[in-house]
Every structure is written in C-alpha cells, then in structure tokens.
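**Q** Mind looking over this structure? Questions follow.
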Amino acid sequence: MITLYTWATPNGRKISIMLEELGVPYAVKPVNIGKDEQFQPDFLAIAPNNKIPAIVDDAAEGGPLTIFESGAILTYLAETSGQFLAPSGAARFKALEWLHWQIGGLGPMLGQLGFFALRSEEKAPLAIKRFTEEVDRLLGVMERRLAEVPYLAGAEYSIADMAAYAWTVSATTFMKAALAETLATKPSLYAWLARVGERPAVQRGMAVPKL
Ligand SMILES: N[C@@H](CCC(=O)N[C@@H](CS)C(=O)NCC(=O)O)C(=O)O
C-alpha cells in the first residue's frame, strides 16, 4: 500500500493524478502546510525538505521506501508500474526533459509569481516584473511545444503532462489576473488543458485531498 502525504496544491496533485491513473489503492495523509504541519518530526522523517508531496511505499522491493520530490515520485511510480514513461529511447528522454522543465522552471516561477503578485501584502514591483516575464517566457515555450505535438513528451500522455497540468490550471485560474496578457495568446496550451483535463483520473486526482 502506498501512502501519499499531500495538500491541496499543484505539487501534491501531480501525484494523486498519477495514482488515480494507475488505479492503485492508496492512503492519503493531508499535511496542512498553512498550519506548519510540514515541520512535524514524523513528516520530516519522510520528507526532510519539509515540503509535500512525499510517499511511503510499504511494498517496495527491499522494504518500505520513503520518497520526496514530485519528479522522483512520478518517475518511481512510472518505473514500478511500467506506465506513463517509455522504458528507453527518445520518448523516455522527451518525457524526462519536460518533467524536469516543469520542476525546475514552470513550478518555481509560478510559485514565486503567486507569492509576489497575489499573496504578499507588500508589493515589490521588480519581483513582480521579473517573475511575470519569466512565466510569460515559460508559457511561450510550452505553447510552441504544444502547437507541434499533443502532449509535452510528444505523441503520448506521460508523467510530464501530469506534472505540468496542475500548475497550468493555477496559471489560468488563480493567477489569471496577473497573466491575462500572456494567456490570451496560448490556444495550444488551452487545447492541451482541455485534452488532459477531460481524463477521469485527472479529475479525481485534482480533488485530492478531500478537506
Ligand atoms: N520541488 C518540490 C516542490 C514542493 C513544494 O514546493 N511543495 C510546497 C507545496 S506546493 C510545500 O510543501 N511548501 C511548504 C513549505 O515550503 O514549507 C517538488 O516538486 O516536490
């Protein structure tokens, strides 16, 4: 049995989407990051970086295994199930390329933009300008990719799409006001959002955790 430590945020939902896609039973442990539960010693023993998501796989080869960092978790689940990541060749590395692009670029930049433009009471114009421009650039990269292929890795839906989906939903909803100008010129991105968003497993995964 896999236990997922998560919260109602894009990084957590990447993993619930994957677990729903796989159709495996899993237990959900909500970690309320608004109440600093990510700093509790029992959670830090699993996720020393004090961030969700994390998993514990009790049935892992060699004994129970804890994993933090969403990219590592998605890769582990893909490899142990043999699904949503090609075992070798170009398709594998295209999926890993876009997975890492999301984890190192789209996620952190949208996170910083959300903090400076929306959540922070004190407004820092230079930070807002910097992160708006960087998100604009990243969404442009995504738009050009999705104008050529239906999914980020190419022809097939993969863990790269799961990773980018929840963050892109945030960009087009919660952060829409800050990104109106750039979103107006992204038809392929919206078509991809609809394609991925109509999957029943994605809809179930986006509803985790139930609060
Ligand atoms: N690179 C990490 C990012 C995880 C992350 O930023 N998680 C946020 C929620 S979306 C968190 O737990 N924040 C709590 C904190 O920073 O104390 C991953 O991909 O797993």
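**Q** Output the residues belonging to the range 101-154 that are touching a helix residue (DSSP H, G or I) at 6+ places or on another chain (Cβ under 8 Å), over 22 Å from TRP192 (Cα atoms) and assigned to a loop (DSSP other than H, G, I, E, B).
**A** Selection gives LYS123, ALA124.
**Q** Then there is this: Filter the range 115-151 for residues that are farther than 16 Å from GLU181 by Cα, surrounded by 15 or more Cβ atoms within 10 Å (Cβ to Cβ) and within 16 Å of the ligand (Cβ to nearest atom) and give the result.
**A** Listed by number, the list holds a single entry, PHE116.
**Q** A further question on this structure: Among all residue pairs at least 6 apart or on different chains, which show Cβ distances below 6 Å where the first residue, located in the range 200-211, is open to solvent by 80 Å² or more (accessible area, probe 1.4 Å) and the second is of a type in the set (Asp, Glu)?
**A** Note: pairs meeting the criteria are ARG204/GLU20.
**Q** Right, next: Could you give me the residue pairs with C-beta distances under 6 Å whose first residue belongs to the range 17-37 and is more than 19 Å from ALA201 (Cα to Cα) and open to solvent by 40 Å² or more (accessible area, probe 1.4 Å), whose second residue is modelled with pLDDT under 95 and not charged (D, E, K, R) wherever it lies, and which are 6+ apart or on separate chains?
**A** From residues that are more than 19 Å from ALA201 (Cα to Cα) and open to solvent by 40 Å² or more (accessible area, probe 1.4 Å), there are no pairs.
**Q** Would you check if there is a residue in the range 125-134 being without any contact (Cβ under 8 Å) to a residue 12 or more places away in the chain and either among the polar types (S, T, N, Q) or within 19 Å of LEU96 (Cα to Cα) (or both)?
**A** no
**Q** Of all residues in the range 166-181, count the ones that are open to solvent by less than 10 Å² (accessible area, probe 1.4 Å) and in a helix (DSSP H, G or I).
**A** The initial filter retains those residues of the range 166-181 that are open to solvent by less than 10 Å² (accessible area, probe 1.4 Å), namely 166, 168, 171, 175, 179.
Subset that is in a helix (DSSP H, G or I): 166, 168, 171, 179.
Residues flagged as open to solvent by less than 10 Å² (accessible area, probe 1.4 Å) and in a helix (DSSP H, G or I) within the range 166-181 amount to 4.
**Q** Another question, then. Going residue by residue through the range 73-93, is there one that turns out to be in contact with a Pro (Cβ under 7 Å, 6 or more places away or on another chain) and within 12 Å of the ligand (Cβ to nearest atom)? Before the answer, list the steps.
**A** Quick first cut of the range 73-93, residues in contact with a Pro (Cβ under 7 Å, 6 or more places away or on another chain) only: 73.
Pick out the ones that are also within 12 Å of the ligand (Cβ to nearest atom) and you get 73.
Within the range 73-93, one or more residues are in contact with a Pro (Cβ under 7 Å, 6 or more places away or on another chain) and within 12 Å of the ligand (Cβ to nearest atom).
The values are calculated or read from the model by the stated rules, or taken from the named source; none is laboratory data. Just so it is clear, the model here is predicted, and its values are computed rather than measured. A quick note on method: Cβ atoms are made from the backbone with ideal geometry, for glycine too, and the neighbour counts reach across all protein chains shown. For the accessible areas, the whole protein counts, side chains as well, though only heavy atoms, and no ligand, DNA or RNA atoms are used. Shrake-Rupley method; radii C 1.70, N 1.55, O 1.52, S 1.80 Å.
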